[in-house]
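Every number in this text was worked out from the coordinates using simple rules, so none of it is lab data. Just so it is clear, the structure is predicted and the values come from calculations on it, not from any experiment. Don't worry about glycine lacking a Cβ; one is built from the backbone with ideal geometry, like all the others, and counts go over all protein chains shown.
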Amino acid sequence: MKALIPYKKKNAKSRLSPALTLEEREEFVELMLRDVVSSLKEASIKEIDVLTTPDNGVPKDLDVNVVLSEHDLNEAINEYLEQENKPIFIIMADLPMVRACHVNDIVSRTEDVVIVPGKGGGTNVIFIKDPSNYHVKYYGSSFLNHCNIAKARGCSVFIYDSFMLSTDIDEPHDLVEIMLHGHGNSQKYVNERFDMKTGKARAKINAAGDA
């Protein structure tokens with residue numbers, strides 16, 4: 001089994017700009033990636049590929065394989081799947097609240113495909129046992145896309161509903177969830193920038209979200 005993490009660092013997370021500067025956002029997305037990789041390794045997934053473009057540097061100390069592609073997300077992942085014959089665990093890099101227990105729960109399912117919906121109808125995780133019999137279609141209501149693709153291919157599907165995994169970090173108010181439920185590098189980073197003890201954190205983040 002392998003894990004695949006699509007990753008973008010350059011000019012990342014523009015919707016977080018009311019709360020974090022560009023430099024902070026680029027540092028933050030790298031820390032989120034570190035947390036995702038850490039949870040995958042804790043779940044004993046040894047082969048981890050990070051899918052990115054040449055201008056998005058992946059830290060060498062992460063000890064992952066870097067897969068470079070200039071294609072858009074769907075084309076890059078589908079090209080990747082065509083070349084694989086092992087089960088593939090696809091997880092987005094902005095899910096720092098993932099834990100090893102979530103990964104283990106998902107990969108232990110007997111269904112052909114396990115899909116974790118994101119808020120707003122997106123797809124945050126897909127576990128595909130036979131990548132030769134599946135393709136992805138992100139953007140828009142991708143959760144429904146991926147359910148329909150599985151049905152068309154005759155795959156059995158399990159919908160894994162998890163607050164932790166449905167919460168991708170896109171908006172300023174999402175930073176509060178990291179403070180409350182996160183762990184590791186990303187939680188430490190956010191806490192250092194917003195003082196929870198004085199109660200200013202939620203007010204500042206919410207104000208940024210209303211801007």
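Table for the structure above
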quantity: Note, ³J(HN,Hα) from phi for the range 118-123, Karplus 6.51, -1.76, 1.60, rounded to Hz, x at Gly and Pro; calculated: x, 5, x, x, x, 10
quantity: Karplus (6.51, -1.76, 1.60) ³J(HN,Hα), θ = phi - 60°, over the range 90-104, in Hz, Gly and Pro reported as x; calculated: 9, 9, 6, 7, 9, 10, x, 8, 5, 10, 4, 5, 5, 4, 4
quantity: Residues whose placed amide H lies under 5 Å from that of residue 169, excluding near-sequence neighbours; calculated: none
quantity: Net charge over other residues, Cβ less than 15 angstrom from the Cβ of residue 142 (K, R count +1; D, E count -1); calculated: -2
quantity: Whole-angstrom Cα spans of the range 2-169 along principal axes, big to small; calculated: 45, 31, 30
quantity: Residue 193 paired with residue 53, simple spin-label distance in nm, labels 7 Å along Cα-to-beta-carbon; calculated: 2.2
quantity: Restricting the range 1-74 to trypsin sites (Lys or Arg not before Pro) in coil, as DSSP defines it, with at most 13 other Cβ within 10 Å; calculated: 10, 46
quantity: Amide H within-cut-off set for residue 118, under 5 Å, with H built and near neighbours excluded; calculated: 123, 124
quantity: Amide H within-cut-off set for residue 4, under 5 Å, with H built and near neighbours excluded; calculated: 49, 89, 90, 91
quantity: Kirkwood Rh in Å, taken over the range 53-96 so that all alpha-carbon pairs contribute; calculated: 12.2
quantity: Beta bridges per DSSP with both ends in the chain, % antiparallel, nearest 5; calculated: 40
quantity: GluC sites (Glu not before Pro) within the range 35-98, DSSP loop, no more than 10 other Cβ atoms inside 10 Å; calculated: 70
quantity: MRE, 222 nm, helices only [DSSP H, n ≥ 4, -39500 (n - 2.57), over the chain, to nearest 500]; calculated: -11500 deg cm²/dmol
quantity: Cα-projected label distance for residue 23 with residue 72, points at 7 Å along beta-carbon direction, nm; calculated: 3.4
